[in-house]
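Everything on this sheet refers to the single structure shown next.
The values are calculated or read from the model by the stated rules, or taken from the named source; none is laboratory data. This one's a predicted model, so the numbers in the text were calculated from it and none came from an experiment. Here Cβ is always computed from backbone atoms with ideal geometry, including for glycine, and neighbour counts include all displayed protein chains. Surface accessibility is based on the protein's heavy atoms, side chains included, excluding ligands, DNA and RNA. Shrake-Rupley method; radii C 1.70, N 1.55, O 1.52, S 1.80 Å.
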Amino acid sequence: MFQRKLDLEELLTDRFGSQSFIVKEYKSTRTLLAQLAGIGPSENWERAIIRLYEANAGPDVLTALWALHRTAIRASQKTDIEAITKSIHEICLSVGTRSTIIAIRAGETFFQNNVHRAHALCLLEGIVALARNAPESIPAFVKRSPNLYQRLEPDDVSRWLIDGINLYPDSKQSRLAYFSLSDPKSLSQLAHYEGRGQFSRHEAHLKHLVRCLWKTDVNLQKEQAEITAASAERLKIRGNIVLVPSTVPRRHKHNQGAYFEAAILHAAAHNRFTKNRFPIRGMKPMQIALTSLIEDARVERLAAQEYPGLAQMWLRFHTVEPTAGAPVARTIHSLFTTLALGLSDPAFQCSDSWIRKGQRLFDAAFSSAPQDQFMAERIARILGNDLGQMRIPFDPKSYAVEPDYRDDGLGLFDFDEADNPDQPPSEIFLDAAKMDRKEDVEDPVQNEDDQDVEGSERARKKPTSQDEELGVVLGLYPEWNEVLQRDQNEFVTVREKSLTPRPSPNWLTEKLSHHAGTAARIEVLARNAQFGRYETTGRALEGDIIDMDAANDVVIALQQGTSPDPRIYVRQKRAKNDVTLGLLIDMSQSTGDIPQGGQETILQMAVISTALLVEGLSAAGDAFGVFAFSSNGKDDVQLASIKSFEEDGAQVQGRLADLTPGLSTRLGSALRFLSNALQKQKTRRKIIIVLTDGEPSDIDMEDPRHLMEDARRAIALSRAKGLDLFCIPLGRSAHKSAATIFGKRNTFPLERIEDLPSRLSALYFKVTG
Amino acid sequence: MSLQQFTIDAEPFYAPAANEVDYFQAAYEERVPILLKGPTGCGKTRFVEHMAWRMKRPLISVSCHDDMTAADLVGRYLLEGGETVWKDGPLTQAVREGAICYLDEIVEARQDTTVVIHPLTDDRRALHLEKKNELVAAHPDFFLVISYNPGYQSVVKDLKESTKQRFAALDFAHADPELETKIVVREAGVSADIAAQLVRIATASRNLSNNGLEEGASTRTLIRAGKLISRGIPVADACDMAIIVPLTDDAHVRTALRSAVVACI
């Protein structure tokens, strides 16, 4: 064993005496770090290297790491060096020398290639996560990493990574495929994060922009990616909804905003100027495409008449090089893209007679009746005929609208009016029909679910009404990953657990009769609470108490001979019941235990106490909701609603009596659910009280720290939203973890479980009084 | 303090949107107090100045604020040496000597303050100085004008019904684009093209009022932007400086407005 105090240099000389280059490299690295970042000899760096050495990192790992340090320090800070060393240490602990060296070399390339340091660190963290869960995929990930950091924000790289690990926890082969981007799911996730992240960042400003220009609101909706290899899709206009696919054409992230702006403004221009949908009446796919191309040009020209800057903005997205005199290739793609430019840019001169004809027809029609949208149909018929005579084939399957910011055009047509239903539908029709079906799926829970990692699979597995086993999905909630220090979005599914109210009398009403004394005390508390809350306002014109500050000012004013301010009173008003309580009861398996010397189970005590508190609350007239939870893995957190915030209390006792202990305690997700519901309440104060008998745990979680940290995170976020959270731990073992999760001051331990009824109500009226 | 300092010598530029000049004149002849309603920076104050100049009456303007007491309007006793001396407030001075008194953004003042103007606005035409126990009969030329921005209107800040009904009101809106362009050309000294762009920008921003913005860009901000442009600042930058940044701190709204500026020019 080495002493920590031991000098690293001595250590290295001692160990690698024969390979003096190691000591040399160490010295030069140390000197460079000291020069560039001011890292002194006694600092963490040295200790970290010793730790790494003790973790059996051989000379190759050490020299590679120093090389990485020397590269990284030119582009980063002291703390980065520490983070890098920590990451490499963790990798080294999980995987062998070879993979560690691959990771280090990868890290070096990140820093060499001028990747932003946040990105580089994030990628390194990603490798750490892989080392823990999927070491075999490190080389594959490293190889594809440039692709990732070009396309994703740092946060999203981690999300994509976690998705892969979660998607295939047991299969090395599938993971390898995912991380080498050969798995379609991997690509679609990638496209999903890329598109989603980008669009949501721009959504707010885009809505403002459309409102700003045209005083209308555009109904933007994100459309989920299909699980197929990602190909760039166009925006879709369906009725007054604009669907933004998560696989929109990619731009470098600095230009993505401009893309969305062009796309949304184009859709908004349709909204404003395309007054009718074109009847389809047996139009051929080519005509449909041409009509929509001409209509695109018409609405853009109209929009540009109001806002001249728009023309220039849209023109930038045309990819055709306007070289005058060059012949246009006789393909649909080339002819259509050139025509699109020709109609958008009046200055565009083209040698092609077909394009010139299109320009001429369009200009003539537009100058005589710009509002007549059916010019598009007429011109399309003429131009389409010409194409037919030129025998240029149109393949609807491969056709994509250009420039790529434009919508797919199908929203401009009225497919219902197709007068010949027997005609075999072209691909375009198929597409459109597919889209229309999608629109019908209006179930928001389903849609949310789709965003989940395994969402699309699960969504199919679980049409809520058919599957009796699992409850209705109440929501998907993130969970904090302590290791990655990140939220894993839509990770946990919270489902409704239905309760059958027990008719009265039942065991609960019977037990309550023994607690008549407690009930009376609680009623007094409630009455006092009702009358005890006051609001005071100073400097009032009338009131019972004199405001000393104001009185002082009066005397001064009188002395000075100025007119005194007559508002010298303090007014007290009885405050309204401005508080809502959310009570959350743990009903996991362990609450079925009967504590020493007791008669009721923990859950029964909690239920009795709740029933008593509920009566007090009703007497005080405060708003409240009561919920109970248990969990069976991340996909089935069960939440029983005993009294929602909207219901009256009629069913409370019957439902409380129906609670039975079972399963585990995923506290964080239950808290997130309740916190969300409570935030919608209108009262000034919002309080959550949790009754739980132990630390959070669940069957799919080995590390108890994970769910504990998640609960802490959920609490911190709720507190940030202005909620107050308290906990009454039930039983000694629960006390410590509750204090860790809720904080000592917000945890109210019980001496004896029998005290719970009075204690719970006392707590509530104390914190609200 | 004599009223001399309150007279306006040079003609303040005002481009009438409709008949407001004649109507104001008529109200003045009949001494019917006037309430001007309209958004910020649409020309209410300028209009009053213009009318004062036109009718050759001194103009005493008071900007109301939420800490203003009745004493700030009518006057108070001050200590001077060992003696208390009465000092007329701006309203009292206008009442005594016959000026136009303009109370700008009257809703900002506390409601108990605004009631002191009540006796001045009906047949009594007198101001009661409670502290001094004096009833000041209004000079025949005294005229009261108040202004009020309905955009700010809320439950807490609205004129009392009894106050509202003592006035004849002129409703001001942002001038229509053509007129506003002319105003910007005249006031900022920019070309008609630039002015038209600025007006387009303002019109767009007004679409966001109550929807991201409290109020859209006012004519005043356009004139400011125009002045900056005439100093050689590029249009987009001038709009950023004079219109967008003062208007909002919301990043999304700013981005949207900047894109709108690009679309307008």
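Here are the numbers for the structure shown:
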{"item": "Between 0 and 90°, nearest 10: helix A:704-720 axis offset from chain A longest Cα axis", "result": "80"}
{"item": "Rounded if a/c under 1.5, otherwise prolate or oblate - region A:268-363, Cα gyration tensor axes", "result": "oblate"}
{"item": "Amide hydrogen neighbours beyond the local backbone of A:Gln638, cut-off 5 Å, H modeled", "result": "A:Arg495, A:Ser630, A:Ser631, A:Asn632"}
{"item": "J(HN,Hα) series, region A:694-702, from Karplus relation 6.51 cos²θ - 1.76 cosθ + 1.60, nearest Hz, glycine and proline x", "result": "x, 7, x, 7, 7, 5, 9, 10, 8"}
{"item": "Anisotropy class of region B:177-264 from Cα gyration tensor, a/c 1.5 cut", "result": "prolate"}
{"item": "Fraction of accessible area attributable to carbon and sulfur, region A:8-182 (%, probe 1.4 Å)", "result": "47"}
{"item": "Beta bridge orientation in chain B: antiparallel %, DSSP, nearest 5", "result": "35"}
{"item": "Pair-distance profile P(r), taking every C-alpha pair of region A:584-731, with 10 angstrom steps and integer %", "result": "11, 42, 36, 10, 0"}
{"item": "Accessible area of region A:605-663 belonging to carbon and sulfur atoms, whole % at 1.4 Å probe", "result": "46"}
{"item": "MRE, 222 nm, helices only [DSSP H, n ≥ 4, -39500 (n - 2.57), over the protein assembly as shown, to nearest 500]", "result": "-15500 deg cm²/dmol"}
{"item": "Solvent-accessible ranking of A:Trp507, A:Trp45, A:Trp480, largest area first, probe 1.4 Å", "result": "A:Trp507, A:Trp480, A:Trp45"}
{"item": "Prolate/oblate/rounded label for region B:1-141 (Cα gyration tensor, a/c 1.5)", "result": "prolate"}
{"item": "At least 50 Å² accessible surface lost relative to isolated chain, residues of region A:187-221 (1.4 Å probe)", "result": "A:His205, A:His208, A:Arg211, A:Cys212"}
{"item": "Per-residue HN-Hα couplings for region A:381-394 [Karplus 6.51, -1.76, 1.60; θ = phi - 60°; Hz; x = Gly/Pro]", "result": "5, 5, 5, x, 4, 4, 4, x, 5, 6, 6, 9, x, 10"}
{"item": "Relative counts (whole %) of C-alpha pair distances in chain A, using bins that are 10 Å wide", "result": "2, 11, 15, 16, 16, 16, 13, 8, 3, 0, 0"}
{"item": "Distant-in-sequence amide H partners of A:Thr660 (H built 1.01 Å from N, under 5 Å)", "result": "none"}
{"item": "Protein-protein interface of region B:237-257, residues with accessible area decrease of at least 10 Å², isolated chain reference, 1.4 Å probe", "result": "B:His252, B:Val253, B:Thr255, B:Ala256"}
{"item": "Counting DSSP beta bridges with both ends in chain A, the antiparallel % (nearest 5)", "result": "45"}
{"item": "Placed amide H near B:Trp86: partners under 5 Å, 5+ positions off or other chain", "result": "B:Leu78"}
{"item": "Rounded tilt (10° steps) of A:332-344 against the dominant C-alpha axis of chain A", "result": "80"}
{"item": "Over region B:31-92, volume per residue of the alpha carbon convex hull, in Å³", "result": "133"}
{"item": "Note, ³J(HN,Hα) from phi for region A:175-188, Karplus 6.51, -1.76, 1.60, rounded to Hz, x at Gly and Pro", "result": "5, 4, 4, 4, 7, 9, 6, 9, 8, x, 4, 4, 5, 5"}
{"item": "DSSP-loop trypsin sites (Lys or Arg not before Pro) across region A:555-623, with at most 13 other Cβ within 10 angstrom", "result": "A:Lys576"}
{"item": "Percent RCO, i.e. relative contact order, over chain A, from Cα pairs under 8 Å lying at least 6 residues apart", "result": "8"}
{"item": "Cα centroid separation - region A:302-374 against region A:272-292, whole Å", "result": "18"}
{"item": "Mean projection area, nm², convex hull over Cα of chain B", "result": "16.2"}
{"item": "Accessible area buried at the A-B interface, both sides summed, 1.4 Å probe (Å², nearest 100)", "result": "1900"}
{"item": "Per residue solvent-accessible surface (Å²) - the protein assembly as shown, probe of 1.4 Å", "result": "46"}
{"item": "Principal-axis tilt of helix A:253-273 within chain A, Cα atoms, nearest 10 degrees", "result": "70"}
{"item": "Radius of gyration and Dmax over the Cα atoms of region A:535-574, both given in Å", "result": "10.8, 37"}
